[in-house]
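Visitor: First the structure, then my questions, so here it is.
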């Protein structure tokens, strides 16, 4: 009897195929500025980084790749940011195709969505939200870039960085990312709005949109879902806490900065790490150890479910914290907003967190063997790849081929999800219809 490919396996295979196609296109001489082409391992790294919306790069995007190569990267970013199943679903819907049960399952694995919202309506909402935010972001950034570029260059740069920001990709046409704009309140606010919108998830965006529509129409019920409340609460808490901590820990590195400039850089880097965007307005390699540790934690937690970002996700982190609260207070259920959270959801959150942590430790150990880097540099690079962030202490171009391959795999794992990768390796799981007698195991 032939084994069927599960939806999760098909999803993982799809990401690998698109990565390889992108790598082959980026290898072409036309894709590089000097027409000499790009080594396959470097092109594969860039393609995987773009599809996973990470932003780590072994070569500089603005100087190494031609306009053709940059557009290829931008297309891959857009596909990766939305999830390639959104494109498949959009084309299928336009052609009048109806999804099978397996097709719906594959779509659900690709991007989180509320069960009450049909695929057709959700896909349309995702496309509209994406194009709207990217258009508005591109228009606003074009105006910002006009101070140093002509209209055509500013518009191209505005489009590229807006798509990169909303898809939380972190790819920049500038070698120093946004360091030249660390004083610009306008640039900081625009990037913050775009990246947070891309990082909180399409369901949250849809839920907020529906909430305000109901308020304006005075239509009942006027309320947000528990998922939206948890995501917003954790997101605000992480970004506020991160900004405050970085504001004080980086005081020694920002002696020439005004208070407002210190606040801008602290909030920019916090939002960039937490939304898994990967832009930077300061030199990451020169930051203090405690600041780098905070960024590693934020990158590990990452963005929210159903978003363009990576990490274990804000809701997962929130559920783990609520689980700890439940254990410490000796309560029977994990609760949030006067509702209980299902045991399967709690178990999934704990599994994702533990799998991600163990995977992180494993890759850190392997990278330490493949190169002569410090533990902090390797930990930061690995957390950035697994969280699909793109921030780096500067060791990315110096990685060995084996190190690059490990980071490539980590970026794909971070985008698809460690739990989904685990499912794809195991295949179809048979349900066990019996239970073993309870054993007695002591804990600490």
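Readers should treat all values here as calculations from the given coordinates under stated rules, not as data from a laboratory. All values derive from a computational prediction rather than experimental measurement. Here the Cβ positions follow ideal geometry from the backbone for every residue, glycine too, while neighbour counts run over all protein chains shown.
Visitor: Which residues, taken from the stretch 153-191, are assigned to a loop (DSSP other than H, G, I, E, B) and either over 20 Å from the mean Cα position of the chain (by Cα) or surrounded by fewer than 18 Cβ atoms within 10 Å (Cβ to Cβ) (or both)?
Guide: Here is the first cut: in the stretch 153-191, the residues assigned to a loop (DSSP other than H, G, I, E, B) are 167-178, 182-184.
Passing the criteria: 174, 175, 176, 182, 183, 184.
Visitor: Consider residue 280 against the criteria (1) under 20 Å from the mean Cα position of the chain (by Cα); (2) part of a helix (DSSP H, G or I); (3) farther than 30 Å from residue 125 by Cβ: it satisfies all of them except one. Which criterion is unmet?
Guide: All conditions pass for residue 280, except number (2).
Visitor: Collect the residues in the stretch 374-408 that are surrounded by fewer than 19 Cβ atoms within 10 Å (Cβ to Cβ) and either within 21 Å of residue 274 (Cβ to Cβ) or more than 21 Å from the chain's Cα centre (by Cα) (or both), keeping them in residue-number order.
Guide: Scanning the stretch 374-408 gives 374, 375, 376, 397, 398, 400, 401, 402.
Visitor: Within the stretch 26-62, can you find the residues that are surrounded by fewer than 18 Cβ atoms within 10 Å (Cβ to Cβ) and either over 19 Å from residue 399 (Cβ atoms) or without any contact (Cβ under 8 Å) to a residue 60 or more places away in the chain (or both)?
Guide: 28, 29, 30, 33, 34, 35, 36, 37, 39, 40, 62
Visitor: Could you please find all residues in the stretch 262-283 being touching a residue at least 24 places away in the same chain (Cβ under 8 Å) and either surrounded by fewer than 21 Cβ atoms within 10 Å (Cβ to Cβ) or in contact with a strand residue (DSSP E or B) (Cβ under 6 Å, 6 or more places away or on another chain) (or both)?
Guide: Across the stretch 262-283, the qualifying residue is only 283.
Visitor: For the stretch 260-276, enumerate the residues that are closer than 18 Å to residue 379 by Cα and not in a helix (DSSP H, G or I).
Guide: Residue satisfying the conditions is 276 alone.
Visitor: Exactly one of (1) part of a helix (DSSP H, G or I); (2) in contact with a helix residue (DSSP H, G or I) (Cβ under 6 Å, 6 or more places away or on another chain); (3) within 27 Å of residue 200 (Cα to Cα) is unmet by residue 363. Its number?
Guide: (3)
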